[in-house]
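S.K.: Dumping the structure here so I can ask a few things about it.
Nothing in this text is a laboratory measurement; each read-out follows from the coordinates by a stated rule. Given the structure is predicted, the values throughout are model-derived calculations rather than measurements. Here Cβ is always computed from backbone atoms with ideal geometry, including for glycine, and neighbour counts include all displayed protein chains.
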Amino acid sequence: MTADRQPHPLAAGLLPANWDEGTPDPGRLAPEHAAHVGELQRAGADLAAFFARAANGLAAAADLPELDERHTTLLGRERGHVTLALGDLPHVPLEERKRLGRAYNLAKRWLGELEAAQRRALEQEREARGAGMLDVTLPGRRPWVGHRHVLAQIREELLDLFHGLGYSVYTSPEVEHEAYNFGKLNFPPDHPARDAHDTYFVSDTRLLRTHTSPGWVRAMEERRPPLRLVFPGRVYRAEQVDASHMDQFHQVDGLFVARDVSMADLKGTLNTFARSILGAGVRTRMIPIYFPFVEPGAQLDASCVNCAGEGRTRGPDGERRCAVCKGSGWLELLGAGMVHPNVFRAVGYDPEEVTGFAFGMGLERIAMVRHGIPEIRLFLENDMRFLSQF
Ligand SMILES: [Zn+2]
């Protein structure tokens, strides 16, 4: 065969014209593509034109079978255009042979690289499509849906309950002035009651609030009675962390200030609260306790939910002391009392005119009592085995 009688195998006209159609863009597969065309141009315009159409054909292959077919057309071991051209080289005059041989081999290598790159692109496309495909015969996979943290659930439940009793929500800063956290709540300077609140100070006079009660002071300074408010929020104490102490936890305080509010009103409110949270059968008792901001102060206990207040439980191995209430039959639920006259004076209310009650509870405490949770640290550990139970 001679090159001047038959078309040379590397003639662009031998490749289907539709390989150039659309926007094949071989540069997407090989950033050097334009430079490659330029380099082959120096070996001959025909070769460069052939290479350009061949590259377009590979880049435009719509799927793997089409890519295989075009690859065979160009580089097939028997009849591939480039293969034929290389096989024809011995018939080329010696002075041309070296130059053309180098150019053909470059074209062969670059087309091989384009083919491989397009193959990877098509395979990725196929995988991506496969991932989105729906096999309706497979059993369904239920999507994992989160839910609210047990403390958030209890907070919502409590706010709902108190909303029903006419209370609205008041929020106040977590970084608080010493005066609001202590002074105006009738904690005298250097009084040992302050020591019960191991405190994170952030400056000489500012601290991370140790309770949500500073909200009372802020609310009373802003508003005139009657007031009926709840104060949910996070509080901080420099506690040694153990099974029943954390250095941050959550409280909900409540405050009711009006004329002629009495201890009986407090007791009625707290009983409603206890039955709603722990069940209608729960019994409560109030025992005296000291808090600086109330007088008298009380602790509300509820009958143990684990042993129904008996202090003992019966199991397969006989009767034993109730582990939840440690045998007492009672669980400490919250602190409460009648607002101290000094607190009213500090906010400019006249204690002869108004009276009020207040209460404060720890959300962790309520959750532990209600669900028999033995460890306060579980609330913050983000262990799904724990959290998914609620
Ligand atoms: Zn018990």
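S.K.: Using Cα springs under 10 Å in a Gaussian network model of the chain, which residue among Glu174, Glu32, Glu353 shows the largest mean-square fluctuation?
M.R.: Answer for the Gaussian network model of the chain: Glu32.
S.K.: Compute the length gained on full extension between Glu352 and Tyr290: take 0.36 nm times their separation in residues and subtract their Cα-Cα distance, giving the result in nm to one decimal. Provide the component values of the computation, followed by the final result.
M.R.: Working: separation 62, 0.36 × 62 = 22.32 nm, distance 2.23 nm.
That pair, Glu352 and Tyr290, stretches by 20.1 nm at full extension.
S.K.: To continue, here is another question. R0 = 45 Å: FRET efficiency of Arg79 with Ser388, Cβ-based, nearest 0.05? Before the final figure, lay out the partial values.
M.R.: Values: r = 65 Å, r/R0 = 1.44.
Plugging the Cβ-Cβ distance into 1/(1 + (r/R0)^6) gives 0.10.
S.K.: Moving to a separate point now. For each of Ser388, Ser172, count neighbouring Cβ atoms within 10 Å of the residue's Cβ, then give the residues from fewest to most. Kindly include the intermediate steps, with their values, before the conclusion.
M.R.: On the way: Ser388 9, Ser172 18.
Fewest-to-most Cβ neighbours within 10 Å comes out as Ser388, Ser172.
S.K.: May I ask you to work out the translational diffusion coefficient for the chain at 20 °C, viscosity 1.002 mPa s, via Stokes-Einstein with Rh from the Kirkwood sum over Cα pairs, reported in whole µm²/s? Walk me through the intermediate numbers first.
M.R.: Numbers: Rh = 28.3 Å.
Estimated via Stokes-Einstein, D reaches 76 µm²/s.
S.K.: Here is a follow-up. In nm, to one decimal, how far is the modelled label at Glu381 from the one at Leu134, with both set 7 Å along Cα→Cβ?
M.R.: My value for the distance between the label points is 4.1 nm.
S.K.: What is the extension gain from Ala323 to Ala117, computed as 0.36 nm multiplied by their sequence separation minus the C-alpha to C-alpha distance, in nm to one decimal? Write down the numbers at each step before the final one.
M.R.: On the way: separation 206, 0.36 × 206 = 74.16 nm, distance 6.84 nm.
Once the chain is fully extended between Ala323 and Ala117, it gains 67.3 nm.
S.K.: Please give, to one decimal in nm, the separation of the simple spin-label points placed at Leu94 and Arg259, each 7 Å out from Cα toward the Cβ.
M.R.: Simple spin-label model gives 12.7 nm for this pair.
S.K.: In addition: Using helices alone, I'd like the mean residue ellipticity at 222 nm for the chain: each DSSP H run of four-plus residues gives -39500 (n - 2.57), total over residue count, nearest 500.
M.R.: On the way: 13 runs with 150 residues, N = 390.
When only DSSP H runs of four or more count, the value is -12000 deg cm²/dmol.
S.K.: Turning to a different aspect of this structure: Taking the chain as a Gaussian network, Cα atoms linked when under 10 Å apart, which of Arg129, Arg365, Arg312 shows the biggest mean-square fluctuation?
M.R.: Sorting by GNM fluctuation, first place goes to Arg129.
S.K.: By how many degrees, 0 to 90 and rounded to 10, does the Cα axis of helix 64-75 deviate from the longest principal axis of the chain?
M.R.: Taking Cα atoms only, the helix is inclined about 30 degrees.
S.K.: I would also like to ask the following. Among Ser244, Ser203, which comes first, then next, by fewest other beta-carbon atoms within 10 Å? It would help to have the intermediate numbers written out before the result.
M.R.: On the way: Ser244 13, Ser203 9.
By the 10 Å Cβ count, ascending: Ser203, Ser244.
S.K.: In addition: Sort the following peptides by mean Cβ neighbour count (other Cβ atoms within 10 Å, averaged over residues), highest first: 259-268, 58-67.
M.R.: Top of the packing list down: 58-67, 259-268.
S.K.: Would you list Trp19, Trp144 from fewest to most Cβ contacts within 10 Å?
M.R.: Trp144, Trp19
S.K.: While we're here: In percent, what relative contact order does region 180-335 have, based on Cα pairs under 8 Å that are 6 or more apart in sequence? Don't jump to the answer; show the numbers that get you there.
M.R.: Details: 234 pairs, mean separation 23.2, N = 156.
Relative CO of region 180-335 lands at 15 percent.
S.K.: Between Arg312 and Leu161, what is the label-to-label distance in nm when each label sits 7 Å out along the Cα-to-Cβ direction?
M.R.: 3.1 nm
S.K.: Counting only C-alpha contacts under 8 Å and six or more residues apart, can you give the relative contact order of the chain as a whole percent?
M.R.: On the way: 589 pairs, mean separation 47.6, N = 390.
Computed over the chain, the figure is 12 percent.
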